[in-house]
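See structure below.
The values are calculated or read from the model by the stated rules, or taken from the named source; none is laboratory data. Since the model is a prediction, treat every value here as computed from it, not as a measurement. Cβ coordinates were reconstructed from backbone atoms using ideal geometry, including for glycine residues, and neighbour counts include every protein chain displayed.
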Amino acid sequence: MKGNDKRYWLDEPANVTKLYRGLWAVGIVLVLCDLLLHKHEVFTIAGWFSFYGFFGFVACVVLVVSAKGLRRLLMRDEDYYER
């Protein structure tokens, strides 16, 4: 057996493009559904157009940036356990 000859479906660039476009299409449909649904929100800001989508995006960005900062704070040397 020579190396790793197995091909996966994401190894094909055309499949990656299809997946990327499909995710965009689903996202656009969900945002358009937000226009059609009547919301009964307690807070006014939650009733804004696509609030939860923007909130989720901002929350993910904050998580990534804070994780990068925590990595700098908590990171140890490569030979930390060998000492």
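The set of residues in region 10-31 being hydrophobic (A, V, I, L, M, F, W, C), surrounded by 10 or more Cβ atoms within 10 Å (Cβ to Cβ) and either at pLDDT below 90 or assigned to a loop (DSSP other than H, G, I, E, B) (or both) consists of Leu30, Val31.
Yes/no matrix, rows are residues, columns are (1) under 24 Å from Val26 (Cβ atoms); (2) surrounded by fewer than 10 Cβ atoms within 10 Å (Cβ to Cβ); (3) among the β-branched types (Val, Ile, Thr):
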{"position": "Trp48", "(1), (2), (3)": "yes, no, no"}
{"position": "Phe51", "(1), (2), (3)": "yes, no, no"}
{"position": "Phe55", "(1), (2), (3)": "yes, no, no"}
{"position": "Val58", "(1), (2), (3)": "yes, no, yes"}
{"position": "Val62", "(1), (2), (3)": "yes, no, yes"}
{"position": "Arg72", "(1), (2), (3)": "no, yes, no"}
{"position": "Glu78", "(1), (2), (3)": "no, yes, no"}
{"position": "Glu82", "(1), (2), (3)": "no, yes, no"}
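Of all the numbered requirements in (1) more than 22 Å from the chain's Cα centre (by Cα); (2) outside any helix (DSSP H, G or I), Leu73 misses one, and that requirement is (2). Among residues of region 19-47 that are closer than 18 Å to Phe57 by Cα, those with a Cβ under 6 angstrom from a residue that is modelled with pLDDT under 90, sequence gap 6+ or separate chain, pair up as Val31/Ser50; Asp34/Ser50; Gly47/Lys39; Gly47/Glu41. When you check Cys60 against the structure, is it out of contact with any helix residue (DSSP H, G or I) (no Cβ under 7 Å at 6 or more places or on another chain), at pLDDT 90 or above and not small (Gly, Ala, Ser), yes or no? The answer is yes for Cys60.
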